[in-house]
């Protein structure tokens with residue numbers, strides 16, 4: 001009797017566990033924190049023959065290397081009628097669609113950054129496209145709507161719907177000068193609304209971003225978004241740029257201002273926020289790494305989970321090719337260690353004391369093969385994978401700079417301990 005009672009209880013418990021697990025998997029997933037890269041130069045770099053290598057010196061697709069650094073979002077700029085200039089041209093609608101499809105094929109999310117110009121739009125440059133220069137303001141409203149709709153609808157027809165679209169780039173001073181100057185905010189708001197309406201007409205799920213430079217400058221952001229509210233401008237997300245280099249001071253002097261500004265934007269306007277551009281000096285690797293970790297932490301700390309993510313601007317744009325000093329790539333074609341700031345175990349919650357002389361990837365991963373890169377090739381590395389109860393699941397001795405271990409683990413959080421005889425260090429491993 002007791003045996004059968006036990007079996008009934010066991011079957012009931014097993015059935016309950018099944019339903020609980022099924023319920024958990026059927027719940028809507030919390031939006032993943034955005035870790036991204038703007039890679040508008042990538043097609044030109046590839047055509048010019050620039051070769052990309054991972055940290056171990058293996059030639060790979062640049063997007064694959066970025067994914068290994070846990071960068072799962074790609075931001076792409078769009079110019080209206082661009083030139084073929086290597087640095088300030090390209091980024092046409094057609095080229096952008098091709099890049100977006102490449103990113104989507106690799107399981108990456110996409111943000112589109114509409115400049116509404118034939119070249120760069122930024123705080124000092126908001127020139128109309130040449131084809132629009134003689135248009136009245138009424139015509140400009142139509143131009144913005146039509147261009148926005150055409151770009152996004154073309155992408156949708158090709159099988160990709162961006163998750164986010166920016167209506168303008170760094171527009172604290174406005175866009176499409178002089179008509180859309182922020183000195184004439186009623187007109188600027190109308191232009192923003194035309195872009196918003198076009199994006200939503202293509203797909204209502206697309207989130208619209210309004211993006212300003214100087215993310216540490218709360219007075220600038222309050223002035224702009226107070227006016228936006230007064231004039232009825234519509235948008236979903238406040239985007240921020242943050243470049244300590246252009247501010248002219250170390251990030252340690254302004255990082256709290258950035259965090260406070262994001263918190264204020266959420267509290268004051270009820271919007272989500274995202275750092276859509278960030279960068280540090282390529283030769284100051286440790287400082288750039290520390291800055292990125294600090295920016296990610298400040299964004300993650302925004303109340304209510306309304307800090308959506310952080311996107312690095314042109315991390316792959318090595319100075320040897322672009323002349324740009326704020327990438328995360330060396331002339332040897334490899335990413336610098338600064339890009340490791342995007343790895344979960346460095347910047348994420350529940351951080352462990354992470355060494356910088358070895359790396360594991362992909363992390364998070366979906367079981368399979370886990371790769372190891374050791375900065376020093378001498379000596380052996382004793383690797384242990386331990387579950388959250390402290391149980392040892394796998395143990396393997398590795399020699400050399402590159403190794404791998406075959407996983408066969410359930411989804412969850414594990415620790416990877418490395419013992420080299422002079423102490424043990426740990427990294428967090430996430431299995432999805």
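The values are calculated or read from the model by the stated rules, or taken from the named source; none is laboratory data. Computed from a prediction, not measured in an experiment: that's the story for all the values here. FYI the Cβ positions are ideal-geometry reconstructions off the backbone, even for glycines, and counts take in every protein chain you see.
Here are the numbers for the structure shown:
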| item | result |
| --- | --- |
| Subset of segment 75-119 (residues that are within 16 Å of residue 322 (Cβ to Cβ) and crowded, with 18+ Cβ neighbours inside 10 Å) | 77, 90, 91, 119 |
| Among (1) over 28 Å from the mean Cα position of the chain (by Cα); (2) crowded, with 22+ Cβ neighbours inside 10 Å - the single one residue 214 does not satisfy | (1) |
| Enumeration of residues in segment 203-259 that are modelled with pLDDT under 95 and under 24 Å from residue 163 (Cβ atoms) | none |
| Sole exception among (1) in a helix (DSSP H, G or I); (2) in contact (Cβ under 8 Å) with a residue 40 or more places away in the chain for residue 196, by number | (2) |
| Of all residues in segment 377-408 being surrounded by 16 or more Cβ atoms within 10 Å (Cβ to Cβ) and modelled with pLDDT under 80, the one that is nearest to residue 57 (Cα to Cα) | 401 |
| Residues satisfying the stated conditions in segment 55-69, i.e. assigned to a helix (DSSP H, G or I) and more than 15 Å from residue 342 (Cα to Cα) | 62 |
| Strands (runs of 3 or more DSSP E) lying entirely in segment 297-376 (those with 1 or more residues that are modelled with pLDDT of 95 or more and touching a strand residue (DSSP E or B) at 6+ places or on another chain (Cβ under 8 Å)) | 307-313 |
| Qualifying positions in segment 121-146 - outside any loop (DSSP other than H, G, I, E, B) and within 25 Å of the chain's Cα centre (by Cα) | 122, 125 |
| Some residue of segment 109-120 being in a loop (DSSP other than H, G, I, E, B), within 30 Å of residue 230 (Cα to Cα) and at pLDDT below 95 | yes |
| Test: residue in segment 176-188 that is closer than 25 Å to residue 35 by Cα and either touching a residue at least 12 places away in the same chain (Cβ under 8 Å) or under 27 Å from the mean Cα position of the chain (by Cα) (or both) | no |
| Flag if residue 277 is part of a strand (DSSP E or B), modelled with pLDDT of 95 or more and either closer than 26 Å to residue 164 by Cα or within 18 Å of the chain's Cα centre (by Cα) (or both) | yes |
| Single condition residue 96 does not satisfy, out of (1) more than 25 Å from the chain's Cα centre (by Cα); (2) free of Cβ contacts under 8 Å to residues at least 60 places away in the same chain | (1) |
| Residue among 183, 169, 173 that is under 23 Å from residue 237 (Cα atoms) and surrounded by fewer than 18 Cβ atoms within 10 Å (Cβ to Cβ) | 183 |
